[in-house]
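*Asks:* Please see the structure below; I have some questions.
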Amino acid sequence: MASMIYYNVDGGFLEAIARGFRSGILTAADYANLQQCDTVDDMKLQLQGTDYGNFLQSEPSPISTNTIAMKCTEKLVEEFNHMKVQAVEPLATFMEYVTYGYMIDNLMLIITGALHDRDTNELMAKCHPLGLFDGLSAASIPNTAKDLYEMVLVETPIGPYFVNVLNLWRSPQVGERQPGVEDLDELNIEIIRNSLYKAYLQDFYQFCMSECGDETAEIMGGILSLEADRRAINITINAFDTELSRDDKVKLYPTIGHLHPEGTARLALATDLDGVRAALDPYADYRNVLAEQGLGEEKSVENAFYELEVALNKDAFEQQFHFGLFWAYVKLREQEIRNIVWIAECIQQDQRHQIAQYINIF
Amino acid sequence: EAEHSGASGAMAAIVASEVVAEELFFGWGELLNGISPYAWAFIGTGLAIGLSVLGAAWGIFITGSSLVGAAIKAPRIRSKNLISVIFCEAVAIYGVIVAIILQTHLEQVIKTTEVTPMMKYAGYAIFWSGMTAGLGNLSCGVCVGVCGSGCALADAQDGNLFVKILVIEIFASALGIFAIIVAIIMSTKANFE
């Protein structure tokens, strides 16, 4: 509460700019107009009337959905960087933390692509611009986790998170191979991805709780808890058909979030979807995530979580004098890009009966 | 008689030591009592204007930074929201008024060195009158600033909200008026003659 008297010294201008950007997020009326389009080129005309303006001006028609996604993301990155360069501590560190998630995603993209012998330049073009860092392209070269750390990650901000991955493997059972020497294969890549993300979430949570003031702690606490729970549930569901042992699963669950520790203990024991539903039953928010679907509508787990996330991110804008709205803005714009791409795909593939399944934001 | 003189000598010694002890004993009471009423009065006058200006400045930076940022996306809010800044500045003007009123009591230099009860009353009255006005205006300025910041951001989002939030700011700036009314009433009887 005390932050309202000194937040505006450093953060007032940027908060006002972020709220200006937020007012440009597409509303239900804009989505209704987009749904009426006949082709993707019509969508370009409709988007000209919104905050996007003439961003697709120089693209040759016919425009593909990939182009739209890329240009929308470019605009988001431009706005985010415009705010990031003007930020002062601790907001500057907060905005750095926002980019680490994308760094982890880019890193895993390069490693997975290298595993399947894809061309590095092609992969670099697919990386999210918010998560680019020096040495990213070199991530396709090393073959073991230890080399990856020493060659690429040790000087990056996500380097400290990798230490947890190495620790994860430091306790081999009797008869198992030594950790760190094996190749980066499918299962281990998933383990690396989830442990990096777990370390990142916990670090970010710690930062929000201690150095950003009370309002940020409250808002980001809720948002990061949802993120952690979503990871835990996804890890559980994806691990059903793999050889991931129960102990390894428990090591991958984040230690923040509403599901920790009782919910994650029960999730670790679940062996099928019904077990997961039983584990989630005490939590009112997550009870409906895996609910059996009625007629017609098909709602995936991902979409259910996106809806919860959008609700929390919208609430972040209801308070003034905190940092949460910078994160919320990035996530809401990402959801908007997903919506636009969904509508474009439905139009292009002529699947109009599914076109209303985007998640409305405002 | 030797006893008598011995006893009276002892008495004299005790009285003498009490007198010496009184001069040596110096606590908060002596300290505060020893400060000249003029010092109290001038400090009070300074606080009246100083704290009021601090409050006004604080309020203006709170509302100004939000206003400047929000006006980038919504330029129409620029002129209307200057009212918030004007409300903050009014707080500084209240401080000036109180300081000028207080210093009218201090225009004569009294020739006597003796401190009369009337002078003490005047000194304390003017000090606390200045404190009242200063602290009241400090809080008022900050309050108007925070409300003004919210007003600018809300107006940028939806133009209908401006007048409604302005009403909140009007109530906030009334706090400053309460403070200076009490301050002026407190200082009316202060008289250094």
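*Asks:* If you plug each phi of the stretch B:60-76 into the Karplus form 6.51 cos²θ - 1.76 cosθ + 1.60 with θ = phi - 60°, what whole-Hz ³J(HN,Hα) values come out, in order, with x for Gly and Pro?
*Replies:* Here the 3J(HN,Hα) series is 5, 6, 5, 7, x, 5, 5, 5, 5, x, 6, 6, 5, 7, 10, x, 5 Hz.
*Asks:* Could you give the size of the charge dipole of the stretch B:49-193 about its Cα centre, using +1 on the Cβ of each K and R and -1 on the Cβ of each D and E, expressed in debye and rounded to the nearest 20? Numbers along the way, then the final one.
*Replies:* Values: 8 positive and 7 negative charges, 56 e Å.
Dipole size: approximately 260 debye.
*Asks:* Hey, how many Å between the Cα centroid of the stretch B:76-135 and the Cα centroid of the stretch A:1-32?
*Replies:* Result: 38 Å between the Cα centres.
*Asks:* Now a separate question. For A:K198, go through the lysines and keep the ones whose alpha-carbon is under 21 Å away, minus same-chain ones fewer than eight residues off.
*Replies:* A:K146, A:K249, A:K251, A:K331
*Asks:* Give me the angle, in degrees from 0 to 90, between the Cα long axis of helix B:161-187 and the longest principal axis of the Cα atoms of chain B, rounded to the nearest 10.
*Replies:* Once rounded, the angle reads 20 degrees.
*Asks:* Now for a different question. Round to the nearest 0.05 the FRET efficiency obtained for A:N66 and A:E186 when R0 = 30 Å and r is the Cβ-Cβ distance. Could the numbers behind the result be given before it?
*Replies:* Values: r = 26 Å, r/R0 = 0.86.
Computed FRET efficiency for A:N66 and A:E186: 0.70.
*Asks:* What net charge do the residues around A:V98 carry, taking every other residue with its C-beta under 10 Å from that of A:V98, with Lys and Arg at +1 and Asp and Glu at -1?
*Replies:* Values: positive: A:K84, A:K331; negative: A:E96.
Within the 10 Å Cβ shell, the charges total +1.
*Asks:* Select from B:W128, B:W28, B:W40 the residue whose mean-square fluctuation is largest in a Gaussian network model of chain B (Cα-Cα springs shorter than 10 Å).
*Replies:* Evaluated over chain B, the most mobile residue of the options is B:W28.
*Asks:* Provide the gained length on full extension for the span A:I5 to A:F240, in nm with one decimal, where the gain is 0.36 nm per separating residue minus the Cα-Cα distance.
*Replies:* On the way: separation 235, 0.36 × 235 = 84.60 nm, distance 5.12 nm.
The span from A:I5 to A:F240 would gain 79.5 nm if fully extended.
*Asks:* What ³J(HN,Hα) values, in whole Hz, does the Karplus curve 6.51 cos²θ - 1.76 cosθ + 1.60 give for the stretch B:104-113 when θ = phi - 60°, with x put for Gly and Pro?
*Replies:* So the J values, rounded to whole Hz, are 5, 6, 10, 7, 9, 8, 7, 7, 6, 8.
*Asks:* Could you tell me how many degrees, from 0 to 90 and to the nearest 10, lie between the Cα long axis of helix A:214-238 and the main elongation axis, the longest principal axis, of the Cα atoms of chain A?
*Replies:* Here the helix axis deviates by roughly 60 degrees.
*Asks:* Something else: Can you list the lysines whose alpha carbon is less than 22 Å from that of B:K164, not counting same-chain residues fewer than 8 positions off?
*Replies:* Reachable lysines: B:K73, B:K80.
*Asks:* Still on this structure: Give a residue-ordered list of calculated ³J(HN,Hα) values for the stretch A:336-342 (Karplus: 6.51 cos²θ - 1.76 cosθ + 1.60, θ = phi - 60°; whole Hz; x for Gly, Pro).
*Replies:* Going residue by residue, I get 4, 5, 4, 4, 4, 5, 4 Hz, with x marking Gly and Pro.
*Asks:* Now for a different question. Evaluate the distance, in nm, between pseudo-label points positioned 7 Å from the Cα of A:Q48 and of B:E30 along their respective Cα→Cβ axes.
*Replies:* Going from the A:Q48 label point to the B:E30 one covers 8.9 nm.
*Asks:* Whole Å is fine, so just give me how far the alpha carbon centre of the stretch B:45-71 lies from that of the stretch A:226-293.
*Replies:* If we compute the Cα centre of each part, the gap is 51 Å.
*Asks:* Right, something else. Using a simple charge model, +1 on the beta-carbon of Lys and Arg, -1 on the beta-carbon of Asp and Glu, nothing else, what dipole does the protein assembly as shown show about its Cα centre, in debye to the nearest 20?
*Replies:* Around 1460 debye, computed over the protein assembly as shown.
*Asks:* In addition: Among A:Y253, A:Y102, rank each residue by its count of other Cβ atoms within 10 Å, from fewest to most, as a rough exposure measure. Write down the numbers at each step before the final one.
*Replies:* Values: A:Y253 25, A:Y102 18.
By the 10 Å Cβ count, ascending: A:Y102, A:Y253.
*Asks:* Now for a separate question. Report the gain in length on full extension from B:I72 to B:E89: 0.36 nm times residue separation, minus Cα-Cα distance, nm rounded to one decimal. Mind dumping the intermediate values first?
*Replies:* On the way: separation 17, 0.36 × 17 = 6.12 nm, distance 2.37 nm.
Fully extending the segment from B:I72 to B:E89 adds 3.8 nm.
*Asks:* Using +1 on the beta carbon of Lys and Arg, -1 on that of Asp and Glu, and nothing else charged, what's the dipole of the stretch A:51-161 about the Cα centre, debye to 20? Don't skip to the end; give the middle numbers.
*Replies:* Working: 6 positive and 15 negative charges, 36 e Å.
My answer is approximately 180 debye.
*Asks:* Helix B:82-103 against the longest principal axis of chain B: what's the angle in degrees, Cα atoms only, rounded to the nearest 10?
*Replies:* Long axis of B:82-103 versus the principal axis of chain B: about 20 degrees.
*Asks:* Once R0 is set to 56 Å, what does the formula 1/(1 + (r/R0)^6) return for the Cβ-Cβ distance between A:Q349 and B:I168, expressed as a FRET efficiency to the nearest 0.05?
*Replies:* Details: r = 52 Å, r/R0 = 0.93.
According to the calculation, E is roughly 0.60.
Every number here is computed from the coordinates shown, using simple stated rules; none is lab data. No experiment lies behind these values; they were computed from the predicted model shown. Positions of Cβ are backbone-derived with ideal geometry, glycine not excepted, and every protein chain shown enters the neighbour counts.
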